[in-house]
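In what follows, a single structure is set out as structure tokens and then discussed.
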Amino acid sequence: MRKKLIAGNWKMNKDIHETASFITELKERLKDFGNEVGIVLCPPFTSLVVATAQIKGSPLRLGAQNMSEHDDGAYTGEVSAKMLAALGCEYVILGHSERRQYFKESDQLINAKVKKALATGFTPIVCVGETLEERKAGLTDQIVGTQVKGVLHELSSAEVGKIVIAYEPVWAIGTGVTATPDQANAGHKLIRKTIAKMFSWATAEMVVIQYGGSVNGANAADLFSQPDIDGGLIGGASLKADSFMGIIQAGVEQSASSNR
Ligand code: PEP
């Protein structure tokens, strides 16, 4: 059974002081938590050194929001896998729609980053998802299928089994509009089917697929109850302990009910 994974993508929010106070509060509220779901915080690079010290002894894990495909060298402004590993990062978000849109990241570049992340021991959280125009034009399956094939190009089954994919319909990110549980699960099924065709059903069944797009404490339980939804990549609602805890709680309850 796949364990649910809830990751908070802070984007460009929280300085070191806000990071420290947020994690202090979250840790306090997670005191009775028993590791039923995985929880990952993905702060900005500048907060990682504070976050890694703060999460010690807690169930929280650390992720970055991006990573260079290069090992080191003259790449101004970039951050390498080695630098992130030294800070205690175990996860890295790759190919977020904001990186695709604002920084023109292609499936090919994301694929190179995924390969680097896997080669250096990271768990990549690889984002895919269609825009509203693409959905309206009936292109969702084609777009998402092409993205999945592109980002997983030339990987082995063993590598794919270690990856986390986040299905994030672009029209649902930061908009307050959430995909219905059925819409989201259909996207997840499509991703699993695409992986099965490229590799095998056994591999596809291993891949943790998160949903992302305006998840909050009120809609998380319905989303997480879907058979192909293995948790969430959370933006806005991961910035406040109250809302993030509501989502974690929904994950814990869903895990408990599917174990019954
Ligand atoms: C995200 O940016 O990955 C995201 C899902 O954002 P939000 O939860 O704010 O829609």
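Couple of notes before you dig in:
- Residues with amide H under 5 Å from that of THR175, placed H, sequence gap 5 or more: SER214
- Global dimensions of the range 1-88 from alpha-carbon coordinates: Rg and Dmax equal 14.0, 46 Å.
- Label reach from LYS197 (point 7 Å along Cα→C-beta): in the range 160-181, amide nitrogens under 20 Å belong to 160-161, 165-169.
- Of LYS3/LYS162; LYS4/LYS189; LYS11/LYS240; LYS56/LYS113; LYS56/LYS115, those spanning more than 18 Å from alpha-carbon to alpha-carbon: LYS56/LYS113; LYS56/LYS115
- Options ASN219, LEU87, ALA74, ranked by Cα towards positive dipole end of the chain, top entry (Cβ charges): LEU87
- Modelled FRET efficiency - R0 30 Å, THR24 with THR146, Cβ distances, 0.05 increments: 0.10
- Apportionment of accessible area to carbon and sulfur, the range 1-104, percent (1.4 Å): 53
- Estimated 222 nm signal from helices in the chain, with DSSP H stretches of n ≥ 4 weighted -39500 (n - 2.57), rounded to 500: -13000 deg cm²/dmol
- Stretched out straight at 0.36 nm per residue, the stretch from HIS17 to LYS31 would grow longer than its current Cα-Cα span by 2.9 nm.
- For GLU78 and LYS56, the FRET efficiency from 1/(1 + (r/R0)^6), where r spans their Cβ atoms and R0 equals 25 Å, is about 0.35.
- Rolling a 1.4 Å probe over the protein heavy atoms of the range 143-224, with every protein chain left in place, gives an accessible area that is 57 percent carbon and sulfur.
- Accessible surface computed residue by residue for the range 106-260, with neighbouring protein chains in place and a 1.4 Å probe, gives 41 Å² per residue.
- Protein-only accessible surface order, largest first, of TYR75, TYR211, TYR102, TYR91 at 1.4 Å: TYR102, TYR75, TYR91, TYR211
- Shape of the chain, Cα gyration tensor, a/c cut at 1.5: rounded
The values are calculated or read from the model by the stated rules, or taken from the named source; none is laboratory data. This one's a predicted model, so the numbers in the text were calculated from it and none came from an experiment. A quick note on method: Cβ atoms are made from the backbone with ideal geometry, for glycine too, and the neighbour counts reach across all protein chains shown. In case anyone asks, the SASA skips ligands and DNA or RNA and just uses the protein heavy atoms, side chains included. Shrake-Rupley method; radii C 1.70, N 1.55, O 1.52, S 1.80 Å.
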